[in-house]
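Coordinate-derived values only; no laboratory data. It should be emphasised that the depicted structure is a prediction, and the values quoted were computed from it without experimental measurement. Here the Cβ positions follow ideal geometry from the backbone for every residue, glycine too, while neighbour counts run over all protein chains shown.
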Amino acid sequence: MEKIRLNKEEYRDKVLGCWLGKNIGGTLGAPFEGQKYTHDLTYFDWKASRKWLRSASAFWKREFNVTFPIDPEKWQPGEPLPNDDLDFQLVWVKMLEDRGINPTFKDFCDYWMKYLSKHWYAEYSFCTYNLKRGLKPPISGAFQNYFVDEMGSPIRSEVWACVCPGDPELAASLAWMDSSMDHAGGEGMWGEMFWAAVESAAFVINDPFTLIDVGLSMIPISSHIARSIREAVRCYKDGLEWGEARERIATIFGHHNACNAVPNHGFTIIGWLYGKDFGDKLCKAVNCGYDTDCTGATLGSLLGILYGASRIPEEWKKPVGEKITPVPMTVTEGLPLTIKDLMERTQKLAMKMISERSEKVEFTEEETSLPENFLSLLFRNEKVQDLLTTDVHSSIENVDGFTIVFHYGGEPVLRPGVEKRFEVSIRKNQREIKRDIEIEGPIGWNISKPIFKNGKYAFTIFAKKIGGSSNIKLIINLEGKTREITFAILDPEEIELIPASTNAPRGANHSRG
């Protein structure tokens, strides 16, 4: 099969543009985050930026007892405002460097807990809360998590695009793993997969409508994010004015929470299509309101890939400079802290990823060239379609090239005196297979012998008393090796009732027998 051939220097310029654009858009939009009305920006508003710095500094000190990385009174244009939109991706770069370019869910969990677990708000807090309870992805991102439809994962799509340039299917697959941590089954998952695919394809083509269609081909056609994006495109093609398009998205898809992903995706598309140039596109996206740091940063990244760093206007680059300013909740040990370092480390990972995992792309010293069937390569989505059917009410463990899935059949809970059916599936190369399996539980639990049918092992558990949340142990023979894998089952008496649209509770008892 003939491959897409991507020039190394062109790629390098586009990656640098991506990370610069992320800082530019995030700095432009940060002062207006959460304001759901429209704005009239044509450039950075430094007065609003300083006001935001004072407010954010006081908030983070009060809520998290952390010192802000920038003194609001000393800050001057020339460095970006801190923004967690970029922080999580710095951690994934470090993870890929340390663990390799074929990460497992355990890798994601390990690096989340080491670097990101202090981010105790919204969807991030529920991921950490569930991981501490022993729940693994994807149910770590689904259980009790009100925030699965929000922007926390769409804003970290760029790393997958940059390490998988020209291979949207691979980029979207990695974005699926990432978003499973804290947005499983929600619109946020589809948003990250959409943007990872769009941005990956943007390394080789620049037509916005084709890029949007590539992204949409990777997510469910019935998702509200897909509908919001299509409505924004329709408004543009039907000749509606910018303001009218914005009002349609806000009216039809608007949400009481400004960080809801559905309207914000429509706003990002509006900025991209309606804007006249780099700066005007960013301003139009931010001027739509809502989650403005995220819409600005996401569009800035995409435009950075399309333009390349060399074509981003100097008037937009100079005010943010080359620094990366993580928020104080992120552990920064070993992370890239300049745009140049991030670009170089991303490039090394991409060379390895493309060489070892991509069937569609190769790097070249010559000019970028596209084979006759390049559109078919960009739209291929078979592997992603398989991922879309994954049971989000499950915990997944990757062992020795096998994927072990523990299906809870709903909540990860066993109620005393109620027999419940569970299932286990074992997969290799995305195919369900049969292996010898034993299941052990706490003393007093009655566990039926697992029966293999339709690709899964089904069994029931009955217990008169639960006695605290517990582990189920699976003993599996994998190609001559016996492996013991544990999955958490929660005691309903230990599950707190959490008000909707609030953070996960702190200080809960996460111990299990």
Residues VAL204, VAL286, VAL233 arranged by fewest to most Cβ contacts within 10 Å: VAL233, VAL204, VAL286
Neighbourhood net charge (9 Å Cβ-Cβ; Lys/Arg +1, Asp/Glu -1) for ASP291: -3
Dipole of the chain, positive end: most advanced residue of ALA232, ILE447, LEU20 [Cβ charges, Cα centre]: ILE447
Cα-based Kirkwood hydrodynamic radius, the chain, one decimal, Å: 23.5
Inter-label distance, nm, simple model (7 Å from Cα along the C-beta direction), ASN429/THR338: 4.6
Radius of gyration and Dmax over the Cα atoms of segment 250-293, both given in Å: 10.1, 31
Positive dipole terminus of segment 7-163, leading residue within LEU81, VAL91, CYS109 (C-beta point charges): CYS109
Exposure proxy order (Cβ contacts within 10 Å, fewest to most) of LEU216, LEU303: LEU216, LEU303
Check: the chain dipole with +1 on Lys, Arg Cβ and -1 on Asp, Glu Cβ, in debye: 1200
Separation in nanometres of the label points that stand 7 Å from Cα toward Cβ, at SER448 and MET113: 3.3
For HIS393, net neighbour charge (Lys/Arg +1, Asp/Glu -1) across residues whose Cβ lies under 11 Å away: -3
Calculated P(r) tail over 14 Å for segment 1-57, as whole % of Cα pairs: 68
Virtual paramagnetic centre 7 Å along Cα→Cβ of TYR43, amide N under 20 Å, in segment 260-285: 275-285
ASN471/GLU315 FRET efficiency (R0 41 Å; Cβ-Cβ; nearest 0.05): 0.10
Length added when fully stretched, GLU493-GLU382, from 0.36 nm per residue minus Cα-Cα: 35.8 nm
Backbone N within segment 331-358 under 18 Å of label point (7 Å from LYS106 Cα along the Cβ vector): none
Span from the segment 443-513 Cα centroid across to the segment 143-194 one, whole angstrom: 26
Sorted peptide list for 46-53, 288-295, criterion being average Cβ within 10 angstrom, highest first: 288-295, 46-53
Per-peptide average of other Cβ atoms within 10 Å, ordering 82-91, 393-402, 319-328, 27-36 highest first: 82-91, 27-36, 319-328, 393-402
Cα shape, segment 73-230, gyration tensor, a/c 1.5 rule: rounded
Computed lengthening from LYS464 to SER501, 0.36 nm per intervening residue step minus Cα-Cα distance: 9.9 nm
Whole-Å semi-axes of segment 392-500's equivalent ellipsoid (Cα gyration tensor): 25, 16, 12
Theoretical FRET efficiency, 1/(1+(r/R0)^6), r = Cβ-Cβ of TYR121 and THR486, R0 30 Å, to 0.05: 0.55
For segment 89-155, fraction of C-alpha pairs farther apart than 17 Å, in %: 41
Net charge, SER358 excluded, C-beta distance under 11 Å - Lys, Arg +1, Asp, Glu -1: -1
Segment 393-494 - share of DSSP beta bridges that are antiparallel (%, nearest 5): 95
